[in-house]
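The next block holds one structure in the form of structure tokens; read it before the comments.
Derivation of every value follows stated rules applied to the coordinates shown; laboratory data play no part. These numbers were taken from a predicted model, which means no experiment stands behind them. All Cβ positions, even for glycine, are placed from backbone atoms using ideal geometry, and neighbour counts span all protein chains on display.
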Amino acid sequence: MSTIGIALVGCGGISLQNHLPGLALCPDTKVVALCDADAKTLERAKAQTGVQVGSTDYREVVGRDDVQAVIIATPNFTHAPIAHGAIAAGKHVFCEKPIAMNFAEARDMFIAAEKAGVRHMTAFTYRFVPAMRYFKHLIGQGAIGQPYHYRSCRLQDWGTRSIGWRQVQKLAGTGEMGDMLSHRIDYAHHLVGEMSRIVAGTKRIHDVRDGQPSDLEDWATILAEFKVGASGVLESSKVATGRGEGAFSQDYVEINGAEGSIVFQLEQPHQLQVTRKGEKSLRSVPVPREFLVWGKSTRNPAQGDPNFSFRYDQNFEFIDSIRNQRACQPSFFDGALAQRIMDSAAQSSAEGQWIDVSNASNELKQKS
């Protein structure tokens, strides 16, 4: 194909701030259709993008002949039906996380995409942070040896302000787990590997946000054991007073191993902190130039806000995988694997016991 036509399904902030600039960096790629269930949001997106083909019904855009790929950026409960509609029409699909409301839905999306032979991608955006890419490289080079401990901490202060559909269980499925902890679960899988068992806790601090009821958790934590023998702690909160929001709030990952330790902080997207066995403190190391952009992305890492512009590389990965007919990284497999952990974490929190998750990837592979 020469030009890849994209349909954006969901025209809110994520699409306009993340996906549009990212797609603009992809050669011979064009947004040709827009969709949003809210007519006013759709009209604003048309005015901002200049794209005049649009609908409030996703079925009218995903089946268009000039659409080869679909990006889904809608409330969680709509992800599965939109993805299945796009897959059935033979379109490649890039879906925001969490990709589904539960593991069964996520697994079915992965299986359908595999059977249809279309590219499928999960928006685990932070894999594209240069420091995270370099972190993965160092782990693969044996920089820490046998991993002992994994810990991640995502702390934000949203107070009692409304977070819209994200505070409603029937629309979002989970609260802080799906919104923020899902990324940190993917960090763990990406850097350390699969978990063998987990125990989790969740808590809702605020039952009301801006006068609207909230029935989902504000805080979540997972204690994990990994198949490689490491232990892990994952925590995420929207009620960490004074921590702020976004890229400059706490997003921290540390892995300690037999030969060294590595620390990642989103606030420093172009550097890591490292130490080796026998050293007494951490030292900062810059991310080498070859890790500052993803693959052959045309993004200039010296331009724009480095705490934000890395997000554009995920769109390059999606388009490049379509052109080269290869699997996306991260895929629906990764999205479903994280969903399996989230489902088990919710079960663990409700039952107050450890949950075996050692067969999670096999459950996906056997079904596909």
Scattering curve values for segment 4-125, log₁₀ I(q)/I(0), Debye with Cα scatterers, q = 0.15, 0.20 Å⁻¹: -0.59, -1.09
How much of the pair distance distribution for segment 231-278 lies past 13 Å, counting alpha-carbon pairs only, in percent? 65 percent
Global form of segment 58-116, assessed from the alpha-carbon gyration tensor, a/c cut-off 1.5: oblate
Fraction of antiparallel bridges per DSSP, the chain only, in percent to nearest 5: 60 percent
Mind sorting Ser2, Ser361, Ser349 by how few other Cβ atoms lie within 10 Å of their own Cβ, fewest first? Ser2, Ser361, Ser349
Would you mind pulling out the separation of the Cα centroids of segment 19-55 and segment 288-367, in Å? 24 Å
Please give the charge dipole size of the chain, origin at the Cα centre, charges +1 on K and R Cβ atoms and -1 on D and E Cβ atoms. Round to the nearest 20 debye. 700 debye
In square nanometres, what is one fourth of the surface area of the convex hull spanned by the alpha carbons of the chain? 18.0 nm²
Output wanted: per-residue J couplings in Hz (rounded whole) for segment 52-65, from phi through Karplus 6.51 cos²θ - 1.76 cosθ + 1.60, θ = phi - 60°, x for Gly and Pro. 9, 7, x, 7, 8, 10, 4, 5, 7, 10, 5, x, 5, 5
Residue exposure sequence - Val233, Val93, Val293 - by fewest surrounding Cβ within 10 Å: Val233, Val293, Val93
Beyond 21 Å, what share of the Cα-Cα pairs of segment 266-344 remains, rounded to the nearest whole percent? 51 percent
Hey, if you put +1 on the Cβ of every Lys and Arg and -1 on every Asp and Glu Cβ in the chain, which of Val70, Gln347, Ala83 ends up farthest toward the positive end of that dipole? Val70
Dividing the helical contributions, -39500 (n - 2.57) per DSSP H run of n ≥ 4, by the residues of the chain yields a 222 nm value, nearest 500 deg cm²/dmol, of -8500 deg cm²/dmol
Protection proxy (average C-beta count within 10 Å per residue), highest first, orders 5-12, 209-216 as 5-12, 209-216
Once the in-chain neighbours fewer than 8 apart are removed, the lysines whose Cα is under 24 Å from Lys280 read Lys136
Arranged from highest to lowest average of other beta-carbon atoms within 10 Å per residue, in what order do the peptides 305-314, 256-265 appear? 305-314, 256-265
Give the peptides 275-288, 116-129 in descending order of average Cβ contacts within 10 Å, highest first. 116-129, 275-288
For Lys170, the lysines lying under 23 Å Cα to Cα, once residues fewer than eight places off in the same chain are dropped, come out as Lys97, Lys203, Lys238
In a Debye calculation with equal point scatterers on the alpha-carbon sites of segment 69-155 and no solvent, what is log10 I(q)/I(0) at q = 0.21, 0.26 Å⁻¹? -0.93, -1.18
For a quick check: sort Arg107, Arg243 by the number of other beta carbons within 10 angstrom, fewest at the front. Arg243, Arg107
Using a Cα-Cα cut-off of under 13 Å, which aspartates and glutamates could be cross-linked to Lys227, ignoring same-chain neighbours fewer than 8 residues away? Glu194, Asp356
Prolate/oblate/rounded call for segment 221-367, Cα gyration tensor, a/c under 1.5 rounded: oblate
